[in-house]
1. Restricting attention to region B:47-88, report how many residues are aromatic (Phe, Trp, Tyr) and facing chain A (nearest Cβ under 7 Å).
2. Just name the residue that is nearest to residue B:78 (Cα to Cα) out of those in region A:147-165 that are part of a helix (DSSP H, G or I) and out of contact with any Gly (no Cβ under 9 Å at 6 or more places or on another chain).
3. Quick one: is residue A:194 out of contact with any strand residue (DSSP E or B) (no Cβ under 9 Å at 6 or more places or on another chain), part of a helix (DSSP H, G or I) and in the same structural domain as residue A:29 (by TED's automatic domain parsing)?
4. Does at least one position in region A:105-126 carry a residue that is outside any loop (DSSP other than H, G, I, E, B) and either free of Cβ contacts under 8 Å to residues at least 24 places away in the same chain or not assigned by TED's automatic domain parsing to the domain that holds residue A:88 (or both)?
5. Considering only residues that are assigned to a loop (DSSP other than H, G, I, E, B) and under 19 Å from the mean Cα position of the chain (by Cα), which ones fall in region A:40-87?
6. Look at residue A:136 and say whether it is on the phi < 0 side of the Ramachandran plot, assigned by TED's automatic domain parsing to the domain that holds residue A:26, free of Cβ contacts under 8 Å to residues at least 12 places away in the same chain and not aliphatic (A, V, I, L, M).
7. Tell me, which residue of region A:77-86 that is of a type outside the set (Phe, Trp, Tyr) and crowded, with 23+ Cβ neighbours inside 10 Å is nearest to the other protein chains (Cβ to nearest Cβ)?
8. Within region B:36-51, which residues are of a type in the set (Val, Ile, Thr) and within 10 Å of the chain's Cα centre (by Cα)?
Amino acid sequence: MKQYLRGLRLGFPIGLGYLSVSFTFGIMAVSLGFSWYQAVLISMLTLTSAGQLAGIQVMVNPGQYIAMLISQLTINMRYSFMSVSLSQKVSPKFKGIKRWLLGFFITDEIFAVASQENDVEPKLFLGLSTAPWIGWTLGTLLGSLIGNILPEIVMCSLCIAIYGMFLAIVIPPAKKSKPILIVIAITAVLNCILYYVPYLRDIPSGISISICAITASLIGAFLFPIESEEIENE
Amino acid sequence: MNDFLIYLLILSGSTYLIRVIPFVAVKESITNRYIKSFLYYIPYSVLVAMTIPSAIYATGNVISSVAGLIVGGIFAYRGKGLTVVAIISCVSAFLVECIMLLF
């Protein structure tokens, strides 16, 4: 129970961030012609931002199942890297059915926060996932029902929450470790290139995130391979 | 509606499997130093790839977004927790939006 509560607390800011992001998703889904319960169902069962956004855009047209599958696989490929990474950080208790069930909750943010822990317990991970899942579902519900009522200025400010949280995860370790600082600098430069350069900017964001993160981490792994003790001490 | 359910199945099913299969499949701890290092860097590079540059457009206004990120960044640098930094970023962006409304 103690582990669950600690996870719950760690997940709270993610939930807050998700509430604002999925709020926007709810608004977009309704504006594309989905009903509120369809939007909520998508969020409850999928729990991903870029994938859902791309997904509803495909769903507007009938029968494009293959296009849906391909776009989802490319956008979400990053999750499989995170899953492998997380599999190295979980406690021995985290096995079997627990992996099948809790693996559902591996999102960028939940993964990033869980990665800060050594020996992630199933209960901690469940606690960590609770607020984000509720926030993601509730935000979608609110966005699809009352999205157009909330003053724009409040909504806009909420959209920065998730990025503030990212900063709080990335900056402290980058301050301590030069290799991490260099890896994230490479990522930032690469992603700006993919974001702004003509033609390259047509690459869907889910894919360009994967390209940048994988390239920068590969460079990091070869330039600054880390001793295993160092990783465990983090 | 039928179409919706098939789409929903593909969307949520593929997202679920791509998360769970590697998680279930990798049981042993990886000993290769380079793979370990790669996996060690991945969370940070993923977060930064999602943040830069898209965060500067998050509020729909570059000035308030950058203000929120800078103030949040300073608090993060000083070691404040996730919730504090997230809220401070929002409040800063909100205040800058309000100031900009006045002028």
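1. Of the residues in that region, 1 qualify.
2. A:154
3. Criteria not met by residue A:194.
4. Among the residues of region A:105-126, not one is outside any loop (DSSP other than H, G, I, E, B) and either free of Cβ contacts under 8 Å to residues at least 24 places away in the same chain or not assigned by TED's automatic domain parsing to the domain that holds residue A:88 (or both), which makes the answer no.
5. Within region A:40-87, A:47, A:48 qualify.
6. no
7. Top of the filtered list is A:85.
8. Hits for region B:36-51 are B:46, B:48, B:51.
The values are calculated or read from the model by the stated rules, or taken from the named source; none is laboratory data. In this text, all values refer to a predicted model and were calculated from it rather than measured experimentally. Every residue, glycine as well, gets a Cβ built from its backbone with ideal geometry; the counts of neighbours run over all protein chains shown.
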